[in-house]
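Since the structure comes first, as structure tokens, the remarks are kept for the end.
The values are calculated or read from the model by the stated rules, or taken from the named source; none is laboratory data. Computed from a prediction, not measured in an experiment: that's the story for all the values here. Ideal geometry is used to build each Cβ from the backbone, glycine not excepted, and the neighbour counts take in all protein chains shown. SASA here: full protein model, heavy atoms, side chains in, ligands and nucleic acids out. Shrake-Rupley method; radii C 1.70, N 1.55, O 1.52, S 1.80 Å.
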Amino acid sequence: MMNVNKVKLHTPSLRSVSEALSEGLQNNFAEVNVSVVDCPDLRKEPFMLASEGICGHPRLADVGGVPNLIPLPQKDKIYNLETIAKQVELPNAFIIGAGAGPSHFVGVNCELMPNINIGDNQNNTHFATVAEDGKCHLEKLRDSTDFRLLANLFASEGQQGKVICIHVKKRTGPDNFVTAIRKILLNNYKDQPVGVGGSFLIKNGKAKIHVMPHFSETPLKTDEDVNNWLKFYNMSAPLVCLSVFVSHDPDLDLRVEHTHCFSNHGEGGHYHTDTTPDDVEYLGYFNIAEYMFRIDPPTETHLIGRD
Ligand SMILES: [Zn+2]
């Protein structure tokens, strides 16, 4: 049986988080607007999510981990989103997040942007690969709910409800959008872990995004090895990002932030940061998770390649 560890997270009110972010984000962005709002219908463009909202028993799952990919891929590590939904005690869940795609199904290693409402049978999950010409190739994933090696997931009942809306423009600090939010939560709540999931749009500007190519046949031993292996792109807005992060790791060997993006112009992958700080504009909707489920943590671990 797969090891599943359910941990209660700290759940400050949306209002308290909103107030902390409203103040803190001003250190990283020129224009900041944070508020608690009724979640808009996220099925519509530009978000294109598989469910209308991100409310109803919100929870996070950290499945597998980077040590399943690095130094060499553990090819027996195959997971399934419907199984994960049961493991996080929400069998009809709406799940979004970031993971490694089902290379056994697609035929090549890939980035996965899970975006599936299991109860409603709605699936707008995408995957990105490095094409033979070196360009990014983005495609909708049909007929499989598998993934491989690792994923960071946000599950909920996909309902409407109150969420935190974060709208910022023009980056003036060094941190990317997610890191900036995560550090503010860490500063405010210290060692009480606050878990967050949601979706944000990069409305304007460009972003540094990677896509994993074929699995490396030589062991990747350092961050430099990993960065030489990954294929990096400068992708264009609008990009829809699916984001999962936690302010503090309560010794569960977590990846503290992970964000993947997709679009309807053929680009998508793993978000690092925007590359046009003067022009960038982010608009996101987030909810606070009640639990973290640590599923099948690697037995041998390390901290390489978690950026
Ligand atoms: Zn990733």
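For the chain, the per residue solvent-accessible surface stands at 42 Å², with DNA, RNA and ligands left out and a 1.4 Å probe.
By the Cα gyration tensor, region 40-129 has an equivalent ellipsoid whose semi-axes, rounded to whole angstrom, run 25, 16, 11 from largest to smallest. Report summary: the helix-based calculation at 222 nm, which adds -39500 (n - 2.57) for every DSSP H run with n ≥ 4 and divides by the residues of the chain, gives -4000 deg cm²/dmol. Sites listed here are GluC sites (Glu not before Pro) in region 194-300 whose DSSP assignment is loop and whose Cβ has at most 11 other Cβ atoms within 10 Å: E217, E300.
A 1.4 Å probe, protein heavy atoms only, puts the accessible area of M212 near 10 Å².
Checking the table K77/K135; K170/K203; K75/K135; K8/K77 against a 18 Å threshold on Cα-Cα, which pairs fail? If you can, show how the numbers build up before the last one.
Details: K77/K135 27 Å; K170/K203 11 Å; K75/K135 25 Å; K8/K77 26 Å.
Among K77/K135; K170/K203; K75/K135; K8/K77, the Cα-Cα distance tops 18 Å for K77/K135; K75/K135; K8/K77.
Can you give the extra length, in nm with one decimal, that the chain gains between K86 and D278 once fully stretched, where that is 0.36 nm per residue apart less the Cα-Cα distance?
Answer, rounded to one decimal: 64.8 nm.
Ordering G161, V256, V244 by the projection of their Cα atoms onto the charge dipole of region 4-295, which places +1 on the Cβ of Lys and Arg and -1 on the Cβ of Asp and Glu, puts G161 at the extreme positive end. The mean sequence distance of close C-alpha pairs (under 8 Å, at least 6 residues apart), as a share of the length of the chain, puts its relative contact order at 30 percent.
Among the chymotrypsin sites (Phe, Trp or Tyr not before Pro) in region 219-307, none sits in a DSSP loop with a Cβ that has at most 13 other Cβ atoms within 10 Å. In terms of its alpha-carbon gyration tensor, the chain comes out rounded; the largest-to-smallest axis ratio a/c stays below the 1.5 threshold.
Label-to-label distance for V4 and E139 is 3.1 nm, based on points extended 7 Å past Cα in the beta-carbon direction.
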